[in-house]
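Structure first, commentary second.
FYI, it's all coordinate maths here, none of it is from the lab. Values in this document were obtained by computation on a predicted structure and should not be read as measured data. Cβ coordinates were reconstructed from backbone atoms using ideal geometry, including for glycine residues, and neighbour counts include every protein chain displayed.
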Amino acid sequence: MQIFRNKNPYYRTLIALSAARIALVVLPVFVLSFLFWRIGSENYLETVGFAALIAGMLVTYAALSRRYRILLSGHNGERALFKIIKHIRWSSDCAIFTNLPVSYKKNHSEIDMLLIGERGILIIEVKNHSGAIIGDCGDDFWVQRKKFREGRSAEKKMLNPLIQLRRQRGIIKALLTENGYDVWVENALFFSNPNAKLRLNVGKNNRTFCDRDELIGFINSMKPKKPLTKNEYAEVIKIIQKMGGQ
């Protein structure tokens, strides 16, 4: 088994956001201390300025924290997906790509995991959303509904992940067809958060999982319509590596 692991392109952003959040927690303490020390100052504008600075820090912290939580959730989902590799029971002639940038003409995307082997090609997209996920395969957006301990509930829209999967599958198919390979490409959607509950109407062809063992079972029992020959396997890997800059 060959593993080509690309780093999450947002990993550095995640580290920078973490450092910024820590700084925005510490700095207001120093600013407040200095403000109290200067509290006896008759300079009203100076006091107002310090208060505005602290308020600005708090607003910035809230905005950065929201972005940090979103990126961290995605990062945790990718880590959960990567852990299933040791359970994959394909032959030794198997290649796995993670965080793979793909493009064809004006279409661009990033595949969370791409498996290539004698059983064919499989694209896996992972989401780490929690709560009830509600939607239909033809919807542009799905609904994420979360309930909290105090009885409060919240809803927000998320882009239908199947649209992204179809685009990724189209890119891989178009690229391989251009190079003379008519290869069947499977795809699967995995919700890695244990608190996710799927209420989806996606049909049998859009394989969606919220249980890791079910996903592993599907991968290990996958029977594509058109398996890859050894020659196709080797050439497809070269094409994918070239596209991903590896």
Going through the cross-link list Lys7/Lys226; Lys156/Lys197; Lys7/Lys225; Lys173/Lys238; Lys86/Lys238, which pairs have a Cα-Cα distance over 26 Å in this structure?
Lys7/Lys226; Lys7/Lys225
Run the simple label-point estimate for Asp93 and Asp136 please: 7 Å along Cα→C-beta, distance reported in nm.
4.4 nm
Can you tell me how much longer the chain between Arg5 and Glu214 gets when fully stretched, taken as 0.36 nm per residue apart minus their C-alpha distance, in nm with one decimal?
72.9 nm
Go ahead and collect, in residue order, the members of region 121-139 whose backbone nitrogen is under 14 Å from a label point 7 Å along the Cα-Cβ direction of Asn201.
134-139
Computed lengthening from Ala23 to Arg69, 0.36 nm per intervening residue step minus Cα-Cα distance:
14.9 nm
